[in-house]
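Colleague: Take this structure first; my questions come after.
The values are calculated or read from the model by the stated rules, or taken from the named source; none is laboratory data. Here the structure is a predicted model, which means the values were calculated and not measured. Note that we place each Cβ from the backbone using ideal geometry, even for glycine, and neighbour counts take in every protein chain shown. SASA here: full protein model, heavy atoms, side chains in, ligands and nucleic acids out. Shrake-Rupley method; radii C 1.70, N 1.55, O 1.52, S 1.80 Å.
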Amino acid sequence: MENKNKILVVDFGAQYAHLIARRVRQLGVYSEIVLPETSLEKLKDCSGIILSGGPSSVYEEGVPRVSKKIFELGKPVLGLCYGHQLMSFLLEGKVEQGQVKEFGTAQLEILKQEGLFEGLQEKETVWMSHGDSVKELPAGFEVIGKTRDCEKAAIANLDKKFFGLQFHPEVTHTPNGLKIFENFVLNICNCKKDWSIKNYIELKCREIKEQVGNKNVFLLASGGVDSTVALALLHKTLGEKRVYALHVDIGFMRQDESAWVGRQLEKLGFGNFHVINAEKEFFDCVKGLVDPEEKRKAIGQKFIDIQNRELKNLDLNPEKWLLGQGTIYPDTIETAGTKHSATIKTHHNRVDSIKKLVEAGLVVEPLNLLYKDEVRALGKELGLSEKLVWRHPFPGPGLAIRCLCSNGILEDVSDIQKRAESVAKEFGLQAEILPIKSVGVQGDARTYAHPCILIGETDWKTFEKASTRITNEIKEINRVLRLLAPDAIDSIELIKATLTRERIALLQQADAIVMRAIADAGLMRDIWQFPTVMIPLMVNGGGESIVLRPVDSMEAMTAKFYPLDEEVLKKITDEVLALNGIGAVFFDLTHKPPGTIEWE
Ligand code: XMP
């Protein structure tokens, strides 16, 4: 995008780099994330640079750095946390391992209520998360804010428009953080507010026309928000006849999903939407499998085979066809955080035959500069229904990874049972370890460990505390659940189970109940994603068990369990329990980390 009216965010591996770019866009200014090794030439093409935080320490070997020359580009620079320390270090100040580590909120005493801090109070609450801090200022800098434990929490070289903040203005725990960005972006960098979805549509329509020329576009539409919005934009730009959308029904979709998506699109005038029913092939390929990775592999491979076959059948002449994809911005950035999301989607966007097209420049990705919320705004602007636009993200292998399987072999969990019981007791609750395992994530590694159920009544805060204590103290447990029904547990039996049509149909019913209930309660937007999971456990001799897993999240990197309103929860529990074949309902009380969003 040729646009000098933009802010570049250099990502040093911070969890929050995405958040910085989003904050800037929220102000109506385009922002892009770049890697530290980005050329000075590219870094020059902007109105200002923000250096993100990151887990490193500036004096360590091999840590990410930018060239000192970025301070000679004549651009305003704002360094945050590690970015603040790195700027001080590169400009020959001194950074030290802090005697006192600061995590959480702190009171910032502002010494200059102008420039970066224009419009702020003398004292502001800010969010700190650091060990190292700046000890000696680089030449030309002065302190513009301090906290009790950090003398140089905010520094500036006002002549050169360089600013460094030890705290994180991008997180909501810094209540006036957005004002700081506004001062930097609009006043100090002099950016104009020209980033809006309407402008984006105009820009992309022009670009699509240019790239596609007189060719046509073929698009694989999963029914998810991204591919649906991409389809709508291509359709608007090129017209119905020149866009061919293909949807593969893999049998692990939500209840009646493929037909529903087809109907929705038809209503909007997308006649060129075709569905292939490949249910049987998919159920056949997972027959007898129990291991989650094996299930994933089999489904991924089948998807690739079918896509290749269909592409071959369509015999698309590259002289006449391009491939359209709903790839969104976070999927395109090569940062530590987003690499994961890029790989889990591999089977969708990078099938062998498709890879060749990508390499030959024959792929159109009209959403490649957008975040999910912007994709939704775009969809709305294009006239897609709220229901389509606010669909939750759904994994490629669909309900197959939300339907746990088992070979029925019990493991001895008596040791962790006792330890979990003693922690739960401190919160007035009982604990029970489940004899199955689910996937979790800690550090960068995936774990495969036992969930623990908490039995008893208390408030969400106490459940949260108990859950965190248990997963922190007992590493053999990566997930904690709350028992919703039945009231007590007399026996738990592990059932031998694989992926069958019957089990998937039952899970589809439970999932439909959940989706309907949260739509009725107006919670579709508040909850980022709500997997309904089926586990092959029989409680008190009833049917299988269902786990409710609503989460609040930022791009799925981290997540917090979403404390559902008790009334909605009761409605869901009662309806799910009334299904023939379901005997227990649990609620997942685990954040990510240590749990993942999906169970697998
Ligand atoms: P986890 O379970 O790792 O999931 O916390 C993070 C996000 O990724 C989604 N997910 C997938 N999406 N294909 C996808 O397109 C997949 O194979 C896949 N596996 C997980 C998950 O739903 C969550 O939003």
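Colleague: By how many nm would the segment from Ile409 to Glu293 lengthen if fully extended, with 0.36 nm per residue of separation less the alpha-carbon distance?
Modeller: Values: separation 116, 0.36 × 116 = 41.76 nm, distance 1.82 nm.
Taking 0.36 nm per residue and subtracting the Cα distance, the gain is 39.9 nm.
Colleague: Same structure, new question: Need one word for the chain: rounded, prolate or oblate. Basis is the Cα gyration tensor (sqrt eigenvalues a ≥ b ≥ c); a/c below 1.5 gives rounded, then a/b vs b/c decides.
Modeller: Note, shape of the chain comes out oblate.
Colleague: Counting only protein chains, not ligands or nucleic acids, how are Met253, Met538 ordered by accessible area (probe 1.4 Å), most first?
Modeller: Ranked list, largest accessible area first: Met538, Met253.
Colleague: Note down the accessible area of Ser222, probe 1.4 Å, to the nearest 10 Å².
Modeller: Counting only protein heavy atoms, the figure is 50 Å².
Colleague: Take peptides 550-560, 77-87 and line them up by average Cβ neighbours within 10 Å, highest first, as a rough protection proxy.
Modeller: Those peptides, ordered most packed to least, come out 77-87, 550-560.
Colleague: Can I ask one more? DSSP beta bridges in the range 414-588, what fraction antiparallel, as a percent rounded to 5?
Modeller: Bridges in the range 414-588 that DSSP calls antiparallel: roughly 70 percent.
Colleague: Mind running the shape call on the range 56-108? Use the C-alpha gyration tensor, a ≥ b ≥ c as the square roots of the eigenvalues: rounded below 1.5 for a/c, prolate if a/b tops b/c, oblate otherwise.
Modeller: It comes out oblate by the Cα gyration axes.
Colleague: What percent antiparallel are the DSSP beta bridges of the chain, to the nearest 5?
Modeller: Working: 49 of 91 bridges.
Once the DSSP bridges in the chain are tallied, antiparallel ones form about 55 percent.
Colleague: For the range 414-588, give the percent of accessible area contributed by carbon and sulfur heavy atoms, probe 1.4 Å, rounded to a whole number.
Modeller: Carbon and sulfur together cover 50 percent of it.
Colleague: Label the range 368-466 by shape, choosing from rounded, prolate and oblate, from the square roots a ≥ b ≥ c of the eigenvalues of the Cα gyration tensor; if a/c is under 1.5 it is rounded, and otherwise prolate applies when a/b is larger than b/c, oblate when it is not.
Modeller: Judged from the Cα gyration tensor, the range 368-466 comes out prolate (a/c at least 1.5, a/b above b/c).
Colleague: Out of the total accessible area of the range 29-170 (probe 1.4 Å, heavy atoms of protein only), what percent is carbon and sulfur?
Modeller: Ligands and nucleic acids excluded, carbon and sulfur reach 45 percent.
Colleague: With a 1.4 Å probe and every protein chain left in place, tell me how much accessible area Arg469 has, in Å² to the nearest 10.
Modeller: 70 Å²
Colleague: Run the simple label-point estimate for Glu37 and Met557 please: 7 Å along Cα→C-beta, distance reported in nm.
Modeller: Simple spin-label model gives 2.0 nm for this pair.
Colleague: A further question follows. For Asp284, Asp412, write out the residues from largest to smallest accessible area, computed with a 1.4 angstrom probe and no ligands counted.
Modeller: Largest accessible area first, the residues go Asp412, Asp284.
Colleague: Okay, next question. Charges on Cβ only, +1 for Lys and Arg, -1 for Asp and Glu, centred on the Cα centroid of the chain; of Gly408, Leu323, Val34, which one is farthest towards the dipole's positive end?
Modeller: Of the listed residues, the answer is Leu323.
Colleague: If you roll a 1.4 angstrom probe over the protein chains with everything in place, what fraction of the accessible area of the range 194-321 belongs to carbon and sulfur, to the nearest %?
Modeller: With neighbouring chains kept in place, the figure for the range 194-321 is 47 percent.
Colleague: Would you mind getting the accessible area per residue of the range 119-240, heavy atoms of the protein chains only, 1.4 Å probe, in Å²? Kindly include the intermediate steps, with their values, before the conclusion.
Modeller: Numbers: 5190 Å² over 122 residues.
That works out to 43 Å² per residue.
Colleague: Another question about this same structure. Solvent-accessible area per residue for the range 414-588 at a 1.4 Å probe radius, Å²?
Modeller: Each residue of the range 414-588 exposes 42 Å² on average to a 1.4 Å probe.
Colleague: Another question, then. Given the range 197-396, report the % of alpha carbon pairs whose separation exceeds 20 Å.
Modeller: Here the tail beyond 20 Å accounts for 56 percent of pairs.
Colleague: Long-range amide H contacts for Val9: which residues qualify at under 5 Å (H placed 1.01 Å from N, peptide plane, sequence gap of 5 or more or a different chain)?
Modeller: Sorted by chain and number, the residues that satisfy this are Glu32, Ile33, Val34, Ile50.
Colleague: Let me ask something else about it. Please list Arg479, Arg419, Arg148, Arg516 in order of solvent-accessible area, largest first, computed with a 1.4 Å probe with all protein chains present.
Modeller: From most exposed to least exposed: Arg148, Arg516, Arg419, Arg479.
Colleague: Still on this structure, please answer the following. Lys75: accessible area at probe 1.4 Å, nearest 10 Å²?
Modeller: The accessible area comes out at roughly 40 Å².
Colleague: Taking H as built 1.01 Å from N, whose amide H comes closer than 5 Å to the amide H of Leu322, not counting residues under 5 places away?
Modeller: Amide H neighbours of Leu322: Asn216, Val217, Phe218.
Colleague: Another question about this same structure. Within the range 6-188, what percent of beta bridges assigned by DSSP are antiparallel, to the nearest 5?
Modeller: So the antiparallel bridges amount to about 55 percent of the total.
Colleague: Here's another thing I want to ask about it. Can you give the helix-only mean residue ellipticity at 222 nm for the chain, where every DSSP H stretch with n ≥ 4 adds -39500 (n - 2.57) and the sum goes over all residues, rounded to the nearest 500 deg cm²/dmol? All intermediate terms of the calculation are to be shown ahead of the outcome.
Modeller: Numbers: 19 runs with 198 residues, N = 600.
Per the formula, -10000 deg cm²/dmol.
Colleague: Using the Cα centre of the chain as origin and beta-carbon charges of +1 (Lys, Arg) and -1 (Asp, Glu), tell me which of Val290, Leu314, Ile7 is placed farthest towards the positive end of the dipole.
Modeller: Projecting each Cα onto the dipole axis, the largest value belongs to Leu314.
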